[in-house]
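Below is one structure, written out as structure tokens; comments come after it.
The values are calculated or read from the model by the stated rules, or taken from the named source; none is laboratory data. As the structure is a prediction and not an experimental result, all values here were calculated from the model. Heads up, the Cβs are rebuilt from the backbone with ideal geometry, glycines too, and the neighbour counts pull from every protein chain shown. For the accessible areas, the whole protein counts, side chains as well, though only heavy atoms, and no ligand, DNA or RNA atoms are used. Shrake-Rupley method; radii C 1.70, N 1.55, O 1.52, S 1.80 Å.
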Amino acid sequence: MIRCMLDSGEGGVRTGGTELLIEWQRHRQGKFWLDIQEEDVAGERKLLESMGLHALAVQDAQRDRHPPKLEEFDGFTFVLYRGIASFNEELEHQSQNIAFFVSDDFLVTRHPKPAVSIEKLFTDQGAALLKQGPGYLALRIMHTSAGLYLDALLKFEERLSDIEDSLMSNGNDDIMRELVTYRTRLVKLRRLFNYHRNITDELRSEEYIALNCKDDTMGHAITDLHDRFDRLYTLAEIFYSISGDLIDGYISIASHQLNRTMQVLTVITAIFVPLGFLAGVYGMNFEYIPELKIENGYFILLAAMGSIAVGLLALFRKIRWL
């Protein structure tokens with residue numbers, strides 16, 4: 001699908017298909033936004049290169065898996081951003097690479113699946129943002145996408161709090177598996193947010209063709225985007241640490257319970273070992289065991305065994321094993 005938006009500077013902003021692209025390429029006037037989704041790879045490459053976009057940038061844009069990056073080419077700035085196809089408060093997400101080709105007079109966005117942030121801005125605020133410049137529009141798309149990440153992370157915070165309460169009151173292996181799953185997902189998100197934070201760091205430190213941090217409006221937008229990704233990275237780091245602490249806490253509680261169980265078993269064993277020894281000695285079938293002829297020997301032995309058991313119980317209680 002190819003969608004176009006053209007601000008010719010003669011009034012309103014028009015939206016359409018390839019006919020607007022042909023018109024803009026013919027006159028090269030105004031500000032232009034080309035959005036490409038789910039197009040044939042060969043035809044897409046031909047279209048992008050016909051706009052003067054570098055073949056290496058187009059190749060990176062069409063890769064399914066490529067880390068986010070920022071690169072300057074002759075006449076445009078290339079940003080490869082990891083956007084959202086779907087994301088929820090359980091941190092289940094499908095990400096996709098969104099390629100931004102940004103120049104002074106055009107913005108090209110390329111993505112293989114529907115992008116929530118682009119869909120939202122194209123229909124609602126795209127015209128107003130395009131008037132402020134293609135670079136500003138690209139930053140707002142990334143800012144909107146980061147906001148979706150942020151909303152899901154804040155909802156996940158509530159879930160993490162519920163897990164913490166459940167773990168303290170009724171911890172079980174199902175909760176542990178859930179925590180380990182969340183921890184794995186948070187590692188991936190933390191790495192992703194760090195990539196994007198590095199991109200905004202670079203945008204703030206160097207001047208790019210269409211993303212010039214020296215411009216006041218653009219500089220504020222870049223700083224705002226950087227702050228949002230910095231917050232996302234910090235939240236992912238905090239939630240990762242909390243998940244790890246909860247896992248360690250559960251393991252400590254389980255280990256403590258196991259130690260208590262082993263302690264009780266040790267006490268029982270310590271009591272019955274001497275009793276078993278006495279029973280074993282006087283249970284041997286030898287005719288000449290001296291104590292066999294003692295009157296009331298049976299009761300004496302029981303009394304001795306009882307005294308040993310009571311004495312050991314008193315000792316274990318004194319050293320607080322019971």
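How many of the residues in segment 37-62 are open to solvent by less than 30 Å² (accessible area, probe 1.4 Å) and either farther than 18 Å from Y81 by Cβ or of a type in the set (S, T, Y) (or both)?
Of the residues in that region, 1 qualify.
Among the residues of segment 185-214, how many are crowded, with 16+ Cβ neighbours inside 10 Å and outside any helix (DSSP H, G or I)?
5
Return the only residue of Y182, Y233 being under 18 Å from the mean Cα position of the chain (by Cα), farther than 30 Å from F100 by Cβ and part of a helix (DSSP H, G or I).
From the options Y182, Y233, the qualifying one is Y182.
Within segment 1-31, count every residue that is in a loop (DSSP other than H, G, I, E, B) and either among the small types (G, A, S) or in contact (Cβ under 8 Å) with a residue 60 or more places away in the chain (or both).
Count: 7.
Could you give every pair whose Cβ atoms fall below 9 Å, whose first residue belongs to segment 227-256 and is within 24 Å of N170 (Cα to Cα) and of a type outside the set (K, R), and whose second residue is open to solvent by 70 Å² or more (accessible area, probe 1.4 Å) and not in a helix (DSSP H, G or I), counting only separations of at least 6 or pairs across chains?
none
I'd like to know if segment 303-314 contains one or more residues that are open to solvent by less than 50 Å² (accessible area, probe 1.4 Å), among the β-branched types (V, I, T) and part of a helix (DSSP H, G or I).
The initial filter retains those residues of segment 303-314 that are open to solvent by less than 50 Å² (accessible area, probe 1.4 Å), namely 304-306, 309, 311-312.
Applying the additional criterion that residues be among the β-branched types (V, I, T) yields none.
Scanning segment 303-314, I find no residue that is open to solvent by less than 50 Å² (accessible area, probe 1.4 Å), among the β-branched types (V, I, T) and part of a helix (DSSP H, G or I), so the answer is no.
Answer yes or no: is there a residue in segment 56-77 that is among the β-branched types (V, I, T) and touching a Phe, Trp or Tyr at 6+ places or on another chain (Cβ under 6 Å).
yes
Among the numbered criteria (1) within 27 Å of S169 (Cβ to Cβ); (2) in contact (Cβ under 8 Å) with a residue 40 or more places away in the chain, which single criterion is violated by L312?
(1)
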